[in-house]
Amino acid sequence: MQTASDTSLLWQVRHFVYTHFADTTLAPAVEVTGAHFQISTEEAGEYYRELHERHALFLERDTLMIRMANPFSAISTNFRVHAKGKTYFANCAWDMLGIPAALHCDAVMEASFTESGEAVRLEVQN
């Protein structure tokens, strides 16, 4: 049985989380990660907790639900990135710029100023 101290699998889990975000715009549920690596949900949860402790991803408080894996947000935000025919959510304006960099693609980014609600649109090409 592998444990969260198995750093090789730990970083494979992290890679899987990021790939899942890139492919689907969503964070993988712990059960999905467990099934992918043919480990128990409990073991996958140990890896999630270890990655959270190392600040490699962030979990919702007292759960195994991924809240963010920078620059990706698992929850809807005012920082939207349209790329590769999908809409991703970023955690902040800086992360919004990080998504096209992480995906190596062109993108259209939309955000709203918190105070005024004014919309901002940015395009990244090449």
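A few remarks follow.
- R49 of a type in the set (D, E, K, R), surrounded by fewer than 19 Cβ atoms within 10 Å (Cβ to Cβ) and not in a helix (DSSP H, G or I): no
- The residues of the range 25-46 that are in contact (Cβ under 8 Å) with a residue 12 or more places away in the chain and part of a helix (DSSP H, G or I), listed by number, are V30, E31, V32, T33, H36, F37, E43, A44, G45, E46.
- Any hit, the range 50-69, residues being touching a residue at least 12 places away in the same chain (Cβ under 8 Å), hydroxyl-bearing (S, T, Y) and under 18 Å from V17 (Cα atoms): no
- Selected residue (only one of D62, D106 is out of contact with any Lys or Arg (no Cβ under 8 Å at 6 or more places or on another chain) and farther than 26 Å from E31 by Cβ): D106
- The sole residue among S73, S40, S116 that is more than 22 Å from D23 (Cβ to Cβ), small (G, A, S) and at pLDDT 95 or above is S40.
- All strands (runs of 3 or more DSSP E) inside the range 78-122 with 1 or more residues being of a type in the set (S, T, Y) and surrounded by 13 or more Cβ atoms within 10 Å (Cβ to Cβ): 86-89, 107-112
- Of all residues in the range 26-38, those satisfying the criterion of being open to solvent by 30 Å² or more (accessible area, probe 1.4 Å) and either over 12 Å from I66 (Cα atoms) or over 11 Å from the mean Cα position of the chain (by Cα) (or both) are A29, E31, V32, A35, H36, F37, Q38.
- Selection status of A56, under 16 Å from the mean Cα position of the chain (by Cα) and open to solvent by 20 Å² or more (accessible area, probe 1.4 Å): no
The values are calculated or read from the model by the stated rules, or taken from the named source; none is laboratory data. Quantities reported herein were computed from a predicted structural model and do not represent experimental measurements. We place every Cβ from the backbone using ideal geometry, glycine too, and count neighbours over all the protein chains shown. These accessible areas exclude ligands, DNA and RNA; they are computed on the full protein's heavy atoms, side chains included. Shrake-Rupley method; radii C 1.70, N 1.55, O 1.52, S 1.80 Å.
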